[in-house]
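Chemist: Following this message is one structure expressed as structure tokens.
The values are calculated or read from the model by the stated rules, or taken from the named source; none is laboratory data. Because the structure is predicted, anything quoted here is derived from the model rather than measured. Positions of Cβ are backbone-derived with ideal geometry, glycine not excepted, and every protein chain shown enters the neighbour counts.
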Amino acid sequence: MDVSVHQSGDRHDVNVQANDCNLRISHEPALTPYSIRMISSEQSMSDIQEKIQDELQQARAACDVNGSTSPECAAAWDAVEELQSEAAHQRESKPKKNSLEIYCDDNPEAAECRIYED
């Protein structure tokens, strides 16, 4: 996992990159609140849970080092919240397959799994 923090004047950018996931957090106090963007979210739930745990540790460390009111601390906790939100979204968006769907995934040529078009 790569984490980079860039500061230019009042603007703060935090980039978190791990495997197929790239999270970018930007903050420019004069213009907008934090802007968070998940660039890729094709992750398994176990991968996301591991990343959440890693981000929690990094957020705690960032707050210990920079202070709890620092932009780095806020950005680190925003990264944790974004990953938690992504995990919740993935839980909602993946309905469980019934036994026939699982069977057809394994046996697409079976008579029960044929799809006839009108």
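Chemist: Within region 70-108, can you find the residues that are of a type in the set (Val, Ile, Thr) and touching a helix residue (DSSP H, G or I) at 6+ places or on another chain (Cβ under 9 Å)?
Modeler: 80
Chemist: Filter region 75-91 for residues that are among the polar types (S, T, N, Q) and either buried (at least 18 other Cβ atoms within 10 Å of the Cβ) or touching a residue at least 24 places away in the same chain (Cβ under 8 Å) (or both) and give the result.
Modeler: Those that are among the polar types (S, T, N, Q) and either buried (at least 18 other Cβ atoms within 10 Å of the Cβ) or touching a residue at least 24 places away in the same chain (Cβ under 8 Å) (or both): 84, 90.
Chemist: Another question, if that's okay. Quick one: would you say residue 26 is modelled with pLDDT under 90, in a loop (DSSP other than H, G, I, E, B) and among the hydroxyl-bearing types (Ser, Thr, Tyr)?
Modeler: So residue 26 fails the test.
Chemist: What number of residues within region 62-109 satisfy the criterion of being within 30 Å of residue 5 (Cα to Cα), in a helix (DSSP H, G or I) and over 23 Å from the mean Cα position of the chain (by Cα)?
Modeler: Of the residues in that region, 3 qualify.
Chemist: Between residues in region 93-112 that are modelled with pLDDT of 90 or more and residues that are surrounded by 10 or more Cβ atoms within 10 Å (Cβ to Cβ), which pairs lie under 6 Å by C-beta distance while being six or more apart or on different chains?
Modeler: Filtered contacts from region 93-112: 104/113.
Chemist: Continuing with this model, one more query. In this structure, is residue 61 buried (at least 19 other Cβ atoms within 10 Å of the Cβ) and at pLDDT 90 or above?
Modeler: For residue 61, the condition - buried (at least 19 other Cβ atoms within 10 Å of the Cβ) and at pLDDT 90 or above - is not met.
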